[in-house]
Protein chains: 2
Amino acid sequence: MTEISSLGEFGLIDRLTDKLDKVNDSTLRGVGDDAAVMRYGSDRDVLVTTDLLLENVHFDLTYVPLKHLGYKAAVVNFSDIYAMNGTPRQITVSLGISRRFTVEHIEELYAGIRYACERYGVDLVGGDTSSSNQGLVISITCIGDAKPEDIVYRDGAKPTDLICVSGDLGAAYMGLQVLEREKVASAGRKDFIPDFSGKEYLVERQLKPEARRDIIEELAQAGIRPTSMMDVSDGLSSELLHICKLSHTGCRVYEDRIPIDYQTAVMAEEVNMNLVTAALNGGEDYELLFTVPLTAHDKVEKLEGIKVIGYITEPNLGCAMITRDGGEIPLRAQGWNPLVAEDSEDTSLSQSPAEDKE
Amino acid sequence: MTEISSLGEFGLIDRLTDKLDKVNDSTLRGVGDDAAVMRYGSDRDVLVTTDLLLENVHFDLTYVPLKHLGYKAAVVNFSDIYAMNGTPRQITVSLGISRRFTVEHIEELYAGIRYACERYGVDLVGGDTSSSNQGLVISITCIGDAKPEDIVYRDGAKPTDLICVSGDLGAAYMGLQVLEREKVASAGRKDFIPDFSGKEYLVERQLKPEARRDIIEELAQAGIRPTSMMDVSDGLSSELLHICKLSHTGCRVYEDRIPIDYQTAVMAEEVNMNLVTAALNGGEDYELLFTVPLTAHDKVEKLEGIKVIGYITEPNLGCAMITRDGGEIPLRAQGWNPLVAEDSEDTSLSQSPAEDKE
């Protein structure tokens, strides 16, 4: 018998989806990207993505308000559709609900989902609701569309392409550390008021992430079509390795170019974590990681909220980070691996960046 | 605070989806049918349906083989697409997996899913896999298509339409009784060999249901387009009340026309249940319930595996069953309600037909 943890999530998926043939002409692209792509004889292709969120694995209701949870559960799916350079259009929401939840609780959750739908122009079109004896279960599927020629896959990166990332990295993971710290401090104290001062940005990035629709629009307006793209949910290292593996390339990223917010740096200092490791492996940033041709350099440099952090190389050069002192460290996928998270106290991040350094 | 059980699944969904406006032109029909319908400028509309299955709520692994579970989890989604008169094309599979499962276990589950996909010509196009500390969680979303003019909704029934049902009813529920009985008998006995003799059909209906693609094809070949249709997952009573509510009609069904298999009748006798109540409320039949215009009477009577069981009336006449002795009993929705199932020993059917009679 093979322990699932010995394969990890991607190993398991590879194994399960090995030799999966497609039978429908309408199936353009299946497993292996942010969303599946279907064509139904139209000038728009259909994109589908899905996410499963389990209580005490993916979220902790002691500090996550239900409305925020609903918002985030929807937004992370929209993020996957944007990561294909598409537009999210519809979602289905399936819930497993245990007895301790009241209708008002579920309405709070839905209020967050509906608010996300409103903000991103998405329709809630269906779902399934059932009891659970296992805490709250949330499964959201998002359907989107894109013109066939606009869709950006993970496998299109070419040597000399520039590697770009939106926003900043590591903040959501540091927000989780803030929330966990306050949870520990609050244990058994009813009158406890959590102290988030100076950490507001981190907490917001953890509890209420946004999908980068603005970046997609900005790129379209600038006439830049990325050669590859995905959203940063498991951590920059993990995602970059994905793009390079699927594109059959290597890469170099510069340590001093990785965008990190001031609050992230302060918190890393406070909890004695390596800042760059947190930014590389923290996950849940929901920023867009993409590559553009070298010829787009001047255009992309001018764009707000986008940073060029490195370049794509020939495959034989491998994937590495160039440190501030000019050294090279191989990139390793040490992001969020929910398949080994079970039974650990901090189930949200099974391998914390701090642990990775051991 | 409102207990969720006071609303039930459909009440909760009504409440959660109240005043849900659509913003995308591509969203034709959202919540409230077997699948959502989208149009992307093509000659085919896109259908989406989703199902969430939780261990010890929807299935019991002490007697459900993982391969069968995978097969059924896929097929019940295909059934929803057929119930729209569409063709299932793609599925996404999300799994939450707890530690006691090995890779081989999950491969068994996937073998069932893939076998179902092969048999029904469906592509597995994606999903999400994560750890669970809550037993096995399976969330499947199915995407299908149909010509716009072919789609059959639940709300199209008209007075004088004939009510038809495929196959027979109550067998899957009786199969569950067989399995539960053998589970009790086997408790603590390692050498126990379950005895399914004479009950093979019931067990197969419970463990390995099929979606009625054949009926959809038969109707198309006969040139019959149902005026309304849905699949029987919660029980005939519940589904008929849905169709009548959404179509603003009443209905009459004849007790002596409800199709019931011989094995179902024998098992009902053995466990001292009212046979018709089991057939009306048992659920998980995955047969097709549909209405056709009265003018299609002669055509539909000739079709194999389809039975006319009653007719649609004006709404003021309500929904009732005409008993063998000519009396009328109002139809009540007492099907499978997973939202009140928690904490009960028999979680698979919270209100058994036997209990309903109390």
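Coordinate-derived values only; no laboratory data. As the structure is a computational prediction, the values presented were derived from the model and not from experiment. Cβ: placed from backbone, ideal geometry, glycine included. Neighbour counts: every protein chain shown.
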Note to self: Treating the point 7 Å from Cα along Cα-beta-carbon as the label, what are the nm separations from A:Glu269 to the other copies, to one decimal?
What the structure shows: 8.4
Next item on the list: Report, ordered by chain and residue number, the lysines lying within cross-link reach of A:Lys307, taken as a straight Cα distance under 20 Å and ignoring same-chain residues fewer than 8 apart.
Entry: A:Lys158, A:Lys299
Notebook entry, point to check: Which loop chymotrypsin sites (Phe, Trp or Tyr not before Pro) in region B:240-313, with loop taken from DSSP, have no more than 15 other Cβ atoms within 10 angstrom of their Cβ?
Noted result: none
Check: Of A:Gln206, A:Gln221, A:Gln334, which has the largest mean-square fluctuation in a 10 Å C-alpha GNM of chain A?
Finding: A:Gln221
Check: Any idea what the alpha-carbon Rg over 2.2 N^0.38 Å comes to for chain B?
Finding: 0.98
Check: When a footprinting reagent is the concern and you count Cβ atoms within 10 Å, what order do B:His105, B:His297, B:His58 take, fewest first?
Finding: B:His297, B:His105, B:His58
Margin query: Assuming 0.36 nm per residue, please report the length gained on full extension of the stretch B:Thr295 to B:Asp43 beyond their Cα-Cα distance.
Written below: 87.8 nm
Item checked: Debye intensity ratio in log₁₀ form over the Cα atoms of the protein assembly as shown, taken at each q of 0.05, 0.09, 0.10 Å⁻¹ -> -0.25, -0.80, -0.97
Notebook entry, point to check: Peptide A:95-102: average number of partner chain Cβ atoms within 10 Å per residue?
Noted result: 5
Next item on the list: Can you tell me the dipole magnitude for the protein assembly as shown around its Cα centre, using point charges on the Cβ only (Lys, Arg +1; Asp, Glu -1), in Debye to the nearest 20?
Entry: 820
Check: To one decimal in nm, how far is A:Asp18 from the same spot in the other copies, if labels go 7 Å from Cα toward Cβ? Please give the shortest first.
Finding: 5.3
Notebook entry, point to check: Averaged over B:143-150, how many beta carbons belonging to a partner chain fall within 10 Å of each residue's beta carbon?
Noted result: 2
Item checked: Estimated FRET transfer efficiency (A:Asp195, A:Tyr254; beta-carbon r; R0 41 Å; 0.05) -> 0.70
Next item on the list: Among B:Asn274, B:Asn24, B:Asn85, determine the one that fluctuates most according to a GNM of chain B built with springs between C-alpha atoms less than 10 Å apart.
Entry: B:Asn24
Check: In terms of Cα to Cα distance under 23 Å, which lysines are near enough to B:Lys199, apart from those fewer than 8 places away along the same chain?
Finding: B:Lys67, B:Lys72, B:Lys183, B:Lys190, B:Lys208
Checklist line | Shape of region B:4-150, Cα gyration tensor, a/c cut at 1.5 | finding: oblate
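Taking neighbour Cβ counts within 10 Å as the exposure measure, how do A:Phe192, B:Phe101 sort from fewest upward?
A:Phe192, B:Phe101
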Item checked: DSSP beta bridge pairing in chain B, given as percent antiparallel to the nearest 5 -> 80
Note to self: I want the antiparallel fraction of DSSP beta bridges within region A:162-356, as a percent rounded to 5.
What the structure shows: 85
Notebook entry, point to check: Just A:Val75, A:Val103, A:Val253 to compare: in a GNM of chain A, with alpha carbon springs under 10 Å, which one fluctuates most?
Noted result: A:Val103
Note to self: Given all pairs of different Cα atoms, what value in angstroms does the Kirkwood hydrodynamic radius of region A:193-302 take?
What the structure shows: 15.7
Next item on the list: In nm to one decimal, list the spacings between the B:Gly121 label point and its equivalents in the other copies, with label points set 7 Å along Cα to Cβ, shortest first.
Entry: 3.6
Notebook entry, point to check: Hey, which aspartates and glutamates would be in cross-link range of A:Lys245, C-alpha to C-alpha under 14 Å, not counting anything within fewer than 8 residues on its own chain?
Noted result: A:Asp14, A:Asp33, A:Asp155, A:Glu314
Item checked: Cβ neighbours within 10 Å from other chains - mean over B:103-111 -> 4
Notebook entry, point to check: Ranked by Cβ crowding within 10 angstrom, fewest neighbours first, how are A:Lys245, B:Lys208 ordered?
Noted result: A:Lys245, B:Lys208
